[in-house]
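Notes for the one structure printed next.
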Amino acid sequence: MQIQGQAALVTGGGSGLGEAVARELARLGAKVAVLDVNEAGAQRVAAEIGGVAMKCDITDTASVTAALDAAEAAHGPARIVMNIAGIGTAKRVIGKDGSPAPLEDFERVVRINLVGTYNMIRLAAARIARLEALEDGERGAMVCTASVAAFDGQVGQEAYSASKGGVVGMTLPLARDLAQHGIRVCTIAPGLFATPLMKTLPEPVQQSLAASIPFPPRLGKPEEFAALACHIVSNTHLNGETIRLDGALRMAPR
């Protein structure tokens, strides 16, 4: 699919990897709707790239529907959906005081990262399926965000790894399910990236993490994630695949 002129949705577009994706889509000529639970962040990015911003909680159907309606009113029907929104937490199963981890913490991570991703996909896909087919019968392309933690989860990452493993696990069946409608689905599993969250860590910690990456021995750049996400959209034969973007990193237990 040619990105130029297409309407695109980016969840989590108000910061980090989502912001980088929104910027790259705009650079390539897409009409970008920046969706984020952080409305201020979404508005900042949208203003800088000439897009539109919507506050959106991906776990809430009414919120997603309202955002999709507003984006369509501004840019027309979207064919590109970038699912970048998510959270990351770490908590051991048994705490230092011997008490079990709160179930609510596990449920929250899975609900946002996995259920929220599926919620956006199902609601957006139903709209894309009604659009006129393009070349090769394609109607739309969706990119989801997992993590290397889906494969190499560290101590305390049970909830995060489970949620991202779920995203990986549903990628192929989603692609197969939506193939009849001409909608492709792929997932990127990033390693250690220089996001705002990463930059809150002390510099020595960041350097130590970067040194653990075989090559190149540095943190990934958000622009590199964005470049891959946009390549997936433009390469019509990429479908049903999860791509690790990690410099050959394999995470240690801790």
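Figure legend. Inter-residue proximity from the range 196-214: first residues within 22 Å of A248 (Cβ to Cβ), second residues aliphatic (A, V, I, L, M), beta-carbon distance below 6 Å, spacing 6+ or different chains. Indicated pairs: L209/L192; A210/L219; I213/L249; P214/A248.
Limited to the range 35-52, what total is found for residues that are surrounded by 21 or more Cβ atoms within 10 Å (Cβ to Cβ) and in contact (Cβ under 8 Å) with a residue 40 or more places away in the chain? Of the residues in the range 35-52, 2 are surrounded by 21 or more Cβ atoms within 10 Å (Cβ to Cβ) and in contact (Cβ under 8 Å) with a residue 40 or more places away in the chain.
Considering the range 215-240, the residues that are under 21 Å from A179 (Cα atoms), in contact (Cβ under 8 Å) with a residue 60 or more places away in the chain and part of a helix (DSSP H, G or I) include one that is farthest from the chain's Cα centre (by Cα), namely S234. All told, S163 falls short of being outside any helix (DSSP H, G or I) and under 16 Å from A90 (Cα atoms). For the criterion of being surrounded by fewer than 17 Cβ atoms within 10 Å (Cβ to Cβ), within 19 Å of V81 (Cβ to Cβ) and of a type in the set (S, T, Y), S234 passes.
Condition check: within 16 Å of the chain's Cα centre (by Cα) and of a type in the set (A, V, I, L, M). Does V34 satisfy that? Taking the combined requirement at face value, the residue satisfies it.
Among the residues that make up the range 122-138, is at least one of them under 30 Å from A248 (Cβ atoms) and either assigned to a loop (DSSP other than H, G, I, E, B) or at pLDDT 95 or above (or both)? So far as the range 122-138 goes, no, none of its residues is under 30 Å from A248 (Cβ atoms) and either assigned to a loop (DSSP other than H, G, I, E, B) or at pLDDT 95 or above (or both).
Of the residues making up the range 54-65, one or more are among the small types (G, A, S), more than 19 Å from A141 (Cα to Cα) and surrounded by fewer than 17 Cβ atoms within 10 Å (Cβ to Cβ). May I ask you to verify whether G156 is assigned to a loop (DSSP other than H, G, I, E, B) and more than 25 Å from V37 (Cα to Cα)? For G156, the condition - assigned to a loop (DSSP other than H, G, I, E, B) and more than 25 Å from V37 (Cα to Cα) - is met.
Results for (1) within 14 Å of the chain's Cα centre (by Cα); (2) hydrophobic (A, V, I, L, M, F, W, C); (3) modelled with pLDDT of 95 or more, shown as yes or no for each residue.
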position	(1), (2), (3)
G5	no, no, yes
G14	yes, no, yes
A20	yes, yes, yes
N38	no, no, yes
I49	no, yes, yes
A53	no, yes, yes
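Look at the range 8-34: where a residue is in a helix (DSSP H, G or I) and a partner is modelled with pLDDT under 95, sitting 6+ places away or on another chain with Cβ atoms under 6 Å, you get G16/T195; G16/P196. Of the residues A179, A248, A175, the single one that is more than 15 Å from the chain's Cα centre (by Cα), more than 20 Å from G18 (Cβ to Cβ) and crowded, with 17+ Cβ neighbours inside 10 Å is A175. Listed by first and then second residue, the pairs with beta-carbon distance under 7 Å, at least 6 apart or on different chains, first residue in the range 118-147 and touching a residue at least 60 places away in the same chain (Cβ under 8 Å), second of a type in the set (F, W, Y) and surrounded by fewer than 16 Cβ atoms within 10 Å (Cβ to Cβ), form an empty list. Considering the range 89-121, and only residues there that are among the polar types (S, T, N, Q) and not in a helix (DSSP H, G or I), the residue that is farthest from G166 (Cα to Cα) turns out to be S99. When only residues in the range 66-78 that are assigned to a helix (DSSP H, G or I) and of a type in the set (A, V, I, L, M, F, W, C) count, which is surrounded by the most Cβ atoms within 10 Å (Cβ to Cβ)? The residue in question is A67.
The values are calculated or read from the model by the stated rules, or taken from the named source; none is laboratory data. Keep in mind it's a predicted model, so treat the numbers as computed, not measured. Positions of Cβ are backbone-derived with ideal geometry, glycine not excepted, and every protein chain shown enters the neighbour counts.
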